[in-house]
Every structure is written in structure tokens, then in C-alpha cells.
Amino acid sequence: MDFDALFNAELDALKGEGNYRIFAELERRCGAFPRARNHSEGADEVTVWCSNDYLGMGQHPDVVKAMCDTAATCGTGAGGTRNISGTNRHHRELEAELADLHGKEEALLFSSGYVSNWAALSTLGSRLPNAVILSDALNHASMIEGIRHSRADKVIWRHNDAQDLDRKLAAVGPDRPKIVAFESVYSMDGDIAPIAEILDVAEKHGAMTYIDEVHAVGMYGPRGGGVAEREGLMDRITLIEGTLGKAYGCFGGYITGSKALCDFIRSFASGFIFTTALPPAVAAAARVSIRHLKDSEIERAQHRNRVARLRARLDAEGIPHMPNPSHIIPVMIGDPVKCRMISDILMNDWGIYVQPINYPTVPKGTERLRITPSPLHSDADIDHLVTALSSLWQQCALARAVA
């Protein structure tokens with residue numbers, strides 16, 4: 001059998017739909033963010049507008065120094081799993097920093113936010129007898145995979161609809177362990193969950209709550225603890241999951257909760273037990289980044305200013321973008337081919353990098369450019385982006401928003 005022919009047939013179909021992913025080869029420049037060297041076709045240097053390094057902490061001098069200093073003393077890798085090679089003190093110090101960030105007894109590190117969701121949800125669903133997981137309809141793929149892998153019963157409730165969650169919970173037997181899984185900031189639409197309402201419903205039915213704050217940690221709350229911290233709700237949530245790879249500018253994922261909960265996941269989650277631990281240098285850098293953002297409001301304040309300015313400039317030009325209360329600005333295209341074409345022209349002709357978001361990441365017909373300003377984007381950067389988009393809107397005969 002010609003397996004390559006089968007592979008290529010599927011790839012050709014994907015390309016024909018306009019949903020084939022092309023990766024830009026970029027080289028981030030420390031000290032120059034959001035600038036990057038472009039090794040793909042197009043401008044030699046580009047301005048990045050779709051990074052999840054939301055605050056530019058990946059190039060903060062203190063964070064970079066912590067990573068370099070620790071690599072010089074501990075080496076580049078962890079040496080294996082924490083079970084076999086031992087837990088490095090930088091792992092435990094980072095877990096203590098994360099537990100403090102979320103006001104929890106304990107934290108547990110994973111190799112990524114994807115793995116922390118997959119491992120935690122699959123373990124909870126499989127090890128709690130007769131458990132049922134109630135999942136928001138727009139939960140991330142990592143949460144969906146964890147639930148699927150658990151083989152627990154799954155109930156999907158309408159996105160951000162606490163009343164529908166109430167009805168779904170009421171239909172579950174009162175003696176069954178119930179886990180309500182949802183996110184705070186949803187990464188594609190940028191909307192924010194009604195956390196207090198969800199917690200009210202979950203508590204009414206005796207359910208544990210599991211919140212994914214990966215797009216919120218570092219960004220919201222007086223110390224960067226996320227939307228739940230901003231709203232004074234962290235103590236009511238059973239498990240808070242987050243990432244070190246977005247606003248903290250590093251790498252890795254984590255969960256926080258009670259000592260018993262974290263020890264339970266540590267002891268039974270294959271995604272923790274059999275995975276190489278984070279390099280100590282990464283853990284040290286992440287700890288410095290978290291500690292900095294606990295004390296500094298400068299980055300968050302400037303970030304809010306940049307988001308507000310870009311939204312205002314888009315409105316002035318009639319460029320349609322999805323309204324939401326978060327830092328994520330989805331500029332709506334609604335066509336996969338045009339979305340890819342606009343992205344390519346921005347890169348090649350304007351020196352602007354923003355990746356197209358097509359199906360299956362978003363539903364067909366809602367293709368978009370997902371723009372994420374940072375505190376380091378200047379007024380000139382914003383003006384250049386909006387000028388380019390306005391030109392392309394006219395060139396591609398796309399409808400403008402009506403003021």
C-alpha cells in the first residue's frame with residue numbers, strides 16, 4: 001500500500017479548503033521584541049502581532065539572567081523524570097511560588113499547559129469512581145483530550161451559560177463525583193467566563209471546579225493571578241490550571257490546589273510520572289518572571305493602554321473586530337482563502353506577522369486574524385498595522401464595520 005499517496009491526498013484536500021497550515025520561520029530577537037528576523041519569504045524583519053508572550057517577559061533582563069545563571073550552574077536539562085532523576089530545588093521553589101500566586105496549598109509542574117490539562121482531567125475522570133465531567137462547549141483541545149482519555153461520562157454545557165450548567169448538573173445523580181471544567185479567558189473569541197455564576201451553580205450541586213487560566217495568569221489581578229484573582233474568587237475554585245509559556249514568557253504548565261489534590265495527580269497522572277521534568281533553568285526563569293509580575297503593575301497597565309489604542313484605531317477605520325473584555329483582538333475575515341492571503345501580504349509587503357486562524361481552530365465562516373498587542377508595540381507600530389489592514393480591506397473588497 002502506498003501510504004504516502006494516502007497522506008498526500010488528505011493534505012491536498014486540506015490545501016483545497018484553504019486550511020493548510022504554513023509555519024513562518026522566525027527568529028525572536030532578545031531586546032528587540034516585538035521585532036523578529038524572518039527566514040521565510042518576505043521582509044527580512046517583521047513585527048510580530050500574534051505572540052502569546054503577551055507582556056514581553058520572554059526578553060526581560062532579570063528573566064533571561066536567571067535562565068543563563070541557572071544553566072551555568074545546573075546544566076541544560078533536568079536529567080529525566082522527577083521520579084527517576086530527582087526533583088531539583090528550582091522545581092520546588094517554582095511550585096511554592098505558584099501555590100502562593102493562587103492562594104493554594106500546593107502546585108504541580110508539567111511540561112506544558114496542554115499536558116497539565118490532559119493529565120489532570122484524565123486522572124480525575126478515570127480515578128474518581130463513577131465521575132462525570134461537565135465541560136464548557138468551547139473548552140480547549142487539551143481539556144477535551146483529557147476528558148476523552150479519562151473515559152468518564154461527559155456532559156457538554158452551553159458556552160458560558162450558568163443556567164444550562166445548572167440544568168445539566170441537576171440531571172446528574174447526587175452521589176456521583178462531578179467536575180465542572182471551564183476556562184477564564186477563551187483564546188479565540190477573547191470572551192471571559194462568568195466565574196462567580198458558575199461557582200454558585202457548582203457549589204449548589206456539590207461539584208468540584210476546574211478552571212483553565214492559561215490566557216489570564218500574569219495578565220489579570222493585582223498580582224497576576226488571573227481573572228479569578230481579580231474577582232476575588234480563587235479560594236472557591238478547587239483546581240486552578242495555568243501556563244508558564246504565555247504572559248510569563250517561559251515554558252511549562254501547572255496545576256494548583258490542595259495538598260491532597262496535587263499529591264493525587266502527582267501519584268496517578270501518567271503525563272507527570274513518565275515525562276522529563278522542566279529544565280531547572282526554565283523553572284528558575286519562570287519563578288523570576290512570576291515574582292516580578294506579582295510586584296509590578298507597569299506591564300499590565302501599559303498593555304491595557306496598547307489594547308485600547310489599537311481597538312480605537314480599528315474602529316476609526318471600520319475594521320471589524322470581535323468586541324470582548326479581554327486583551328485578545330480577533331479581526332474577522334470569514335473566509336479561509338482570504339484570511340491566508342491577507343496574512344501572506346501583511347508579511348511579504350508590510351513586514352507584519354499575524355498568523356491566520358482557520359478551521360478547525362475556529363468554526364468555518366469565522367476565520368480571523370488573532371491580534372495580541374503587547375506593552376512594547378509603539379504608536380507607530382499600531383498605526384502601521386491599521387494602515388496595512390485598511391489597505392487590504394479595500395484590496396480584498398471586505399465589508400467595513402459601521403460606526
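Bear in mind these aren't lab numbers, they're just calculated from the coordinates by the rules spelled out. Computed from a predicted model, the values in this text were never measured in an experiment. When we count neighbours, we look across all protein chains shown, and the Cβ atoms used for this are built from the backbone with ideal geometry, even at glycine.
A few points about this structure:
- A P(r) calculated from all alpha carbon pairs of the stretch 157-256, with 5 Å bins opening at zero, reads 3, 13, 24, 23, 18, 11, 6, 2, 0 percent.
- Applying both filters, DSSP loop and at most 11 other Cβ atoms within 10 Å, to the trypsin sites (Lys or Arg not before Pro) of the stretch 184-274 eliminates every site.
- Taking chymotrypsin sites (Phe, Trp or Tyr not before Pro) across the stretch 262-347, the ones in a DSSP loop with at most 14 further Cβ atoms lying within 10 angstrom of their Cβ are 274.
- Between the stretch 280-359 and the stretch 107-139, the alpha-carbon center distance in angstrom: 28 Å
- Share of alpha-carbon pairs per 10 Å distance bin for the stretch 1-137, given as whole %: 8, 20, 27, 27, 16, 1
- The calculated Kirkwood hydrodynamic radius for the chain is 22.3 Å, given to one decimal from all distinct C-alpha pairs.
- Estimated vicinal HN-Hα couplings, Hz - the stretch 325-332 in sequence order (Karplus 6.51, -1.76, 1.60; Gly, Pro = x): x, 10, 8, 9, 10, x, 8, 7
- In this Cβ point-charge picture (+1 for Lys and Arg, -1 for Asp and Glu), the chain has a dipole of about 520 debye about its Cα centre.
- In percent, rounded to a whole number, the relative contact order of the chain is 22, using alpha-carbon pairs under 8 Å and six or more apart.
- DSSP-assigned coil residues among trypsin sites (Lys or Arg not before Pro) in the stretch 312-391, each with at most 15 further Cβ atoms within 10 Å: 364
- For the listed peptides 5-12, 390-397, 298-305, a ranking on the average number of other beta carbons within 10 Å per residue, highest first, reads 298-305, 390-397, 5-12.
- Its relative contact order, with pairs defined as Cα atoms under 8 Å and 6+ residues apart, puts the stretch 150-280 at 16 percent.
- Hydrodynamic radius of the stretch 263-305 by the Kirkwood approach over all distinct alpha-carbon pairs: 13.1 Å.
- Overall Cα dimensions of the stretch 111-178 - principal axes, largest extent first, Å: 36, 27, 13
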